[in-house]
1. I need the helices (runs of 4 or more DSSP H) fully contained in region 80-176, keeping only those with at least 2 residues that are within 12 Å of the ligand (Cβ to nearest atom) and farther than 20 Å from A252 by Cβ.
2. Inspect region 157-172 for any residue being at positive phi, charged (D, E, K, R) and surrounded by fewer than 17 Cβ atoms within 10 Å (Cβ to Cβ) and give the result as yes or no.
3. Cβ contacts < 6 Å: first residue touching a residue at least 12 places away in the same chain (Cβ under 8 Å), restricted to region 95-113; second residue part of a loop (DSSP other than H, G, I, E, B), any location; separation 6+ or different chain. Result?
4. Which residue out of S196, S220 is assigned to a helix (DSSP H, G or I) and either in contact (Cβ under 8 Å) with a residue 12 or more places away in the chain or in contact with a strand residue (DSSP E or B) (Cβ under 7 Å, 6 or more places away or on another chain) (or both)?
5. Counting just the residues of region 176-223 that are touching a Gly at 6+ places or on another chain (Cβ under 9 Å) and of a type in the set (D, E, K, R), which one comes out farthest from Q117 (Cα to Cα)?
6. For the condition away from the ligand (no atom under 16 Å from the Cβ) and crowded, with 18+ Cβ neighbours inside 10 Å, what is the one hit in A227, A215, A252?
7. Mind telling me which of the residues I43, I55 ends up being surrounded by fewer than 23 Cβ atoms within 10 Å (Cβ to Cβ), modelled with pLDDT of 95 or more and assigned to a strand (DSSP E or B)?
8. Show the residue pairs that are 6+ apart or on different chains and have beta-carbon atoms under 8 Å apart, the first residue being within region 155-171 and within 15 Å of A103 (Cα to Cα) and touching a residue at least 24 places away in the same chain (Cβ under 8 Å), the second being among the aliphatic types (A, V, I, L, M) and away from the ligand (no atom under 12 Å from the Cβ).
Amino acid sequence: MSVYVVTGVSRGIGFEFLRQLSEDPKNLVVGLVRDKAATEQKIAAELGDRPNVHILHGDLTDYATLKQAATDTAEIVGERGVDYIVANGGLVSSLDAYGPIGALTDKVTEVEAVSSQLWRTNVIGNMHLFNLFIHLVLKGQTKKIITISSGMADLDFINNCEVDIAGLYAASKAALNVIVAKFNAQYKKDGVLFLSISPGLVDVGRFENTTPEEAQGLASLMGNLVAYAPHFKGPITPEESVRHIRSTWEKASIEGGFGGAFISHLGNKQWV
Ligand SMILES: NC(=O)c1ccc[n+]([C@@H]2O[C@H](COP(=O)([O-])OP(=O)(O)OC[C@H]3O[C@@H](n4cnc5c(N)ncnc54)[C@H](OP(=O)(O)O)[C@@H]3O)[C@@H](O)[C@H]2O)c1
């Protein structure tokens with residue numbers, strides 16, 4: 001029986017976290033989203049009535065909404081506090097998704113706008129989230145704050161596999177990994193595990209409707225991944241990814257040396 005706060009549960013991997021975690025009626029799941037009504041409709045249509053699920057408004061780029069969500073969460077969970085925060089919500093930018101970093105040279109305005117959005121959402125939004133919810137985690141039993149990062153931010157992976165795509169997005173996740181480590185540096189002594197976990201390459205519908213140029217970039221990434229991991233057969237489902245991530249966060253502990261670490265869904269540095 002645990003209390004979870006998960007961001008970005010409107011779709012993709014976040015919706016799967018919500019689905020799996022709320023399957024056990026003894027768990028309490030608070031989901032933060034930008035569009036509360038649409039998410040509640042989706043839950044009713046796809047999962048039916050789940051009285052252990054609470055959906056709150058929370059936009060990572062809007063501090064006031066996160067603050068209100070923290071206040072509302074405190075009321076919902078009461079003295080139990082929060083056992084797990086799953087910082088899943090994030091901006092996956094399309095501008096740089098499949099093209100090499102050099103191709104961004106003549107897109108100055110777009111690069112600056114997207115970089116600013118990535119920074120505000122993936123980095124600062126999560127920093128605010130952790131600061132606003134930490135008192136609830138300190139009250140909880142399990143005290144785990146899990147951040148969904150990306151293997152795209154791993155330097156060895158980038159350099160060894162020559163992954164030249166998704167430069168802006170990967171840089172935002174690398175910065176987020178640092179923020180997570182800084183929180184670990186402060187809160188490890190209080191028994192709070194801060195951990196960054198990459199979900200693997202997960203099919204959330206993003207690979208459909210690509211332009212021929214994007215398809216080329218995607219094919220090149222798949223080629224790199226097969227060379228990196230010969231067992232790689234393609235993207236995994238959200239169901240498989242979330243199952244692995246949950247198993248990994250259950251095994252991870254401060255005592256085991258995972259405070260502030262950055263690992264894959266498999267619990268190591270194997271990114272797919
Ligand atoms: N899929 C992969 O292969 C993969 C690989 C590595 C890492 N990841 C990470 O996994 C996490 C989930 O990604 P996904 O693949 O499920 O992507 P997705 O389908 O694009 O979902 C992203 C989620 O984040 C939410 N979000 C975006 N901006 C937000 C904001 N400003 N405030 C609050 N929520 C916001 C979205 O909400 P809206 O519906 O309101 O837009 C949505 O729920 C992300 O952190 C992503 O970086 C994914």
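1. Values: elements: 108-118, 125-139, 155-161.
Correct list: 108-118, 125-139.
2. From region 157-172, those at positive phi are 162, 166; that's our starting set.
Now drop any that are not charged (D, E, K, R), which leaves 162.
Keeping just the survivors that are surrounded by fewer than 17 Cβ atoms within 10 Å (Cβ to Cβ) gives 162.
Checked region 157-172: at least one residue is at positive phi, charged (D, E, K, R) and surrounded by fewer than 17 Cβ atoms within 10 Å (Cβ to Cβ).
3. Correct list of pairs: D96/A166; A97/A166; P100/D164; I101/D164; E110/L95.
4. Working: S196 fails: assigned to a helix (DSSP H, G or I).
When all the criteria are applied, what remains is S220.
5. Out of the qualifying residues, it is K188.
6. Values: A227 fails: crowded, with 18+ Cβ neighbours inside 10 Å; A215 fails: crowded, with 18+ Cβ neighbours inside 10 Å.
Only one candidate passes the filter, namely A252.
7. Working: I43 fails: assigned to a strand (DSSP E or B).
The conditions single out I55.
8. If the second residue must be among the aliphatic types (A, V, I, L, M) and away from the ligand (no atom under 12 Å from the Cβ), the pairs left are D164/I101; I165/I101; G167/I101; G167/L104; L168/L95; L168/L104; L168/V111; L168/V114.
The values are calculated or read from the model by the stated rules, or taken from the named source; none is laboratory data. From a predicted model like this one, the values you see are computed outputs, not experimental measurements. Virtual Cβ from ideal backbone geometry, glycine too; neighbours counted across all protein chains shown.
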